[in-house]
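The structure appears below as structure tokens.
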Amino acid sequence: MQTGPAPVAPGAAPPRVDLSRGPAMQFTRDNGAPIGENRHSKAAGDFGPVLLEDAHLIEKLARFDRERVPERVVHARGTGAHGVFKATADISDLTKASLFAQGKETPVFVRFSTVIHGKDSPEFARDPHGFATKFYTDQGNWDLVGNNLPIFFIRDAIQFPDMIHSLKPDPVLNKQDPNRFFDFFSATPEATNMITQVFSNLGTPASYRTMDGNGVHAFKLVNAKGETVFAKFRWISRQGVHNYKADDAVKAGFNYLTDDLYAEIAKGNFPSWDLMIQIMPESEFAKLDYNPFDDTKEWLGVPFRKIGEMTLNKVPDNFFEWTEQSAFAPSNMVPGIEPSPDRMLQGRLFSYADTQRYRVGANVMSLPVNRPRVAVVNNNQDGQLNASGRDSSVNYFPTAAASKETADTFRNSTYTVNAVVDSRPIAKTNNFKQAGIFYRSLPAAEKVDLIRNLAADLGQVRSDRTRTIMVSYFYQADPDYGTRMAKAVNVPLAEVKRAVAEYQAANPEQPTN
Ligand code: HEM
């Protein structure tokens, strides 16, 4: 197994344009042939046309024309770093995942990101912030594709394209518009917890180094005996969690998150995180006032236990090759880690690998950033830009050649499903309680920031109805929160209370705060 890239020496300079003159290398075409001219096209005299036979010119323009791959549909703006993960606890009672063998070190690549805006957007934009980790384990790659916030806006993948459409720029006017996304969220009360968190200062971290990371969903862990338990993962920043007020993030600058990460790594001030785990046995489920697989909820009150440490120690040599072409997918799991029935996670299991085969290509997994550090042995083949080096005729299975085999020890866990197949909401939606708990946990000054941040966007919404419904959700999370928001966005409290009564009449079984 490879050990990953060498760390940058402490005090080394950050990556920069190298304009120093070294011994000149001979320019070549992509076919390796040396060229004699690189500034002037092959033309028919001073007044004549440029010739199609100038293969170097054509190749140079054609390669330029193809420099861009489509940007990620979400999380387009990102920054990556190499590092190492060290398992620090024996959790073999919970999972057989080999990366968690106590003391084992596993190379990682991490990509941090913002979500909504394009690849070249400012890093000060308010957003959940992506925290995706690729562990190059000795049993294949495990991708923990999470965010800095512990919960999400919606609980079913079928809503994701609609939500993102509402948050992205208007398809006609090409500008982001709070009228559109609050129109969506006013019919999506389960988003109240996430909206409250993202409009707090958590939506503008002071640094990628000072963010926690969350796997958000529950995952199923399987031990060597085949016993299963559900778990959530969280990265706790050893630098502490520090955020900016919205204005200070803007002042920090367009590129402040990347600049900070690169500069600190180059100085040898390697950022690190503790990996924590929460465990929930099935016997606990009935006691909860929410669904344990609802990603709009945290598992509040369930203790965290430290199981490892991660240090980021090297800036990628090339942004495009490593960061842009990196492809994280929740479906990249390893033996001992399996999906839970979380309806968002289930959709993500399909969506990421699908978009990556389109965004980067069918052989996306063979690029250096994505390639497992173990041999890939299967019958998948060919496609654009394939360099597999396949030299066996046996590309089918079963075969008398018995050149590849499967082992029972790597079978997935089994489980029983006894349910009516239907498309309907989950029970125990409990849409507001945790938003209220989060609101009340904020210091007074940060409550002021939250109200100001939210009012700056919700206040732009022209529809009185939309503003009133949104405020009625905040009111159900916490009456003080709702009362302050009503004032901030100019809706009468009596109308808010009427909207609350309507909601509660339509959803009588749901506790609020
Ligand atoms: C990126 C879809 C929910 C975190 C992406 C990408 C897609 C996607 C298509 C682009 C991937 C690429 O081009 O490589 C979805 C769908 C979701 C969902 C369909 C819901 C069903 C979530 C949730 C989280 C999350 C709940 C956090 C737990 C991320 C992150 C990235 C990402 C961190 C960027 C990965 C990177 O750095 O390359 N998502 N997403 N997404 N998503 Fe989601």
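We did not get these values from a lab; they are worked out from the coordinates using the rules stated. Please read these numbers as outputs of a predicted model, since none were measured by experiment. Virtual Cβ from ideal backbone geometry, glycine too; neighbours counted across all protein chains shown.
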Within the chain: Cβ-based charge dipole about Cα centre, in debye rounded to nearest 20 (Lys, Arg +1; Asp, Glu -1): 480
Span from the region 227-263 Cα centroid across to the region 343-361 one, whole angstrom: 25
Isotropically averaged projected area of region 233-359, using the convex hull of Cα atoms (one quarter of hull area), nm²: 11.1
Distant alpha-carbon pairs in the chain (separation over 36 angstrom), percent: 40
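Viscosity 0.692 mPa s, temperature 37 °C: Stokes-Einstein D of region 322-398 from its Kirkwood Cα radius, in µm² per second? Write out the running numbers ahead of the final one.
Values: Rh = 14.3 Å.
So the translational diffusion coefficient is about 230 µm²/s.
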Cα-based reach from Lys60 at 15 Å (exclusive), listing aspartates and glutamates while leaving out same-chain residues under 8 positions away: Asp30, Glu37
Positive-end residue of Pro171, Gly226, Ala246, charge dipole of region 154-249 with Cβ unit charges: Gly226
From phi via Karplus (6.51, -1.76, 1.60), per-residue ³J(HN,Hα) for region 169-183 in Hz, x at Gly/Pro: x, 3, x, 9, 8, 6, 9, 5, 9, x, 4, 6, 6, 6, 4
Per-residue ³J(HN,Hα) for region 282-288, Karplus 6.51 cos²θ - 1.76 cosθ + 1.60, θ = phi - 60°, Hz, x for Gly and Pro: 4, 5, 7, 4, 5, 6, 7
Isotropically averaged projected area of region 402-513, using the convex hull of Cα atoms (one quarter of hull area), nm²: 13.5
Simple Cβ-charge dipole of region 401-513, Lys/Arg +1 and Asp/Glu -1, about Cα centre, in debye nearest 20: 260
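Between Asp138 and Val50, what length in nm is gained on full extension when 0.36 nm per residue of separation is reduced by their alpha carbon distance? Provide the component values of the computation, followed by the final result.
Details: separation 88, 0.36 × 88 = 31.68 nm, distance 5.44 nm.
Stretched fully, the Asp138-Val50 segment lengthens by 26.2 nm.
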Cross-link table Lys96/Lys134; Lys134/Lys404; Lys220/Lys433; Lys428/Lys487; Lys96/Lys314; Lys220/Lys306, entries beyond 21 Å C-alpha to C-alpha: Lys134/Lys404; Lys220/Lys433; Lys428/Lys487; Lys96/Lys314
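Give me the net charge of Asp248's neighbourhood, meaning all other residues with Cβ under 14 Å from the Cβ of Asp248; Lys, Arg count +1, Asp, Glu -1.
Working: positive: Arg126, Lys245, Lys251, Arg452; negative: Glu123, Asp247, Asp260, Glu446, Asp449.
Local net charge: -1.
Please compute, over every Cα-Cα pair in region 106-161, the percentage with a separation greater than 14 angstrom. Present the calculation step by step, with values, prior to reporting the outcome.
On the way: 986 of 1540 pairs.
When all Cα pairs of region 106-161 are counted, 64 percent exceed 14 Å.
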Estimated FRET transfer efficiency (Lys119, Ala400; beta-carbon r; R0 45 Å; 0.05): 0.35
Which of Phe432, Phe270 has the fewest Cβ neighbours within 10 Å, and the rest in rising order: Phe270, Phe432
Dimensionless Rg ratio for region 183-279, taking C-alpha atoms and the 2.2 N^0.38 Å reference: 1.40
Under 21 Å from Lys175, Cα to Cα: lysines that are on another chain or at least 8 residues apart: Lys119
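Can you give me the relative contact order of region 310-408 as a percent, contacts being Cα pairs under 8 Å and 6 or more apart?
Working: 60 pairs, mean separation 21.9, N = 99.
Here the relative contact order equals 22 percent.
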MRE, 222 nm, helices only [DSSP H, n ≥ 4, -39500 (n - 2.57), over the chain, to nearest 500]: -7500 deg cm²/dmol
